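Quick note: the coordinates plus some simple rules give every number you see, no bench work behind them. What you see is a predicted model, and the numbers here were worked out from it, not measured in a lab. Cβ atoms come from the backbone with ideal geometry, glycine included; neighbour counts cover every protein chain shown.
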Amino acid sequence: METVLLIEDNEDIADLSKHALQSQGYDAIVVRSRNAAVEFLRDDGIPAIIILDWHMPGMSIEKFILELTAMCKDHPLPRLILSTAGPDADKVAKSLSIPEVLRKPFDLTNPLKAVDGTAGVRG
């Protein structure tokens, strides 16, 4: 079972996405802050997939990706999926080698398709 770390501060989106991912057989872990994400990565290891919200309080996407890269120096980087409502996400995602961008609002099948590599905006 692949682990998906969902970094999302919106409780409703996080809960619905977690349920949808779990119903498809993923081990879905939700954290609601940058600090909780870093703590999870340090304590529990690197998941196969990270879905991260573009607009997280106290978290710059660019800094987080650099931090994640440093944490993964002895491991392959997880697959990254960026979720956003922002118009600049495609450009930033491409510059950070994030292959998928989910546009909010998305239906519950959209995150699943992105995780399975069949949807999303490719950079």
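Applying both filters, DSSP loop and at most 16 other Cβ atoms within 10 Å, to the GluC sites (Glu not before Pro) of the range 2-88 gives Glu2. DSSP assigns beta bridges within the chain; of those with both partners inside it, close to 5 percent run antiparallel. Calculated FRET efficiency, Asp12 to Lys113, Cβ-Cβ distance, R0 = 30 Å: about 0.90 to the nearest 0.05.
Suppose only helical runs count, i.e. DSSP H with n ≥ 4. What mean residue ellipticity at 222 nm does that imply for the chain under -39500 (n - 2.57) per run, divided by all residues and rounded to the nearest 500 deg cm²/dmol? Write out the running numbers ahead of the final one.
Details: 5 runs with 49 residues, N = 123.
Taking each H run of at least 4 residues, the total per residue is -11500 deg cm²/dmol.
Given +1 at the Cβ of Lys and Arg, -1 at the Cβ of Asp and Glu and no other charges, the dipole of the range 62-103 around its Cα centre is 60 debye to the nearest 20.
Exposed loop sites here mean trypsin sites (Lys or Arg not before Pro) with a DSSP loop assignment and at most 14 other beta-carbon atoms within 10 Å; the chain contains its longest site-free run at 1-72.
Computed about the Cα centre, the dipole magnitude for the chain is approximately 420 debye when only Lys and Arg (+1) and Asp and Glu (-1) carry charge, each at its Cβ.
When the convex hull of the C-alpha atoms of the chain is computed, what volume per residue in Å³ does it have?
On the way: hull volume 11.7 nm³, N = 123.
Taking only Cα atoms, the chain has a hull volume of 95 Å³ per residue.
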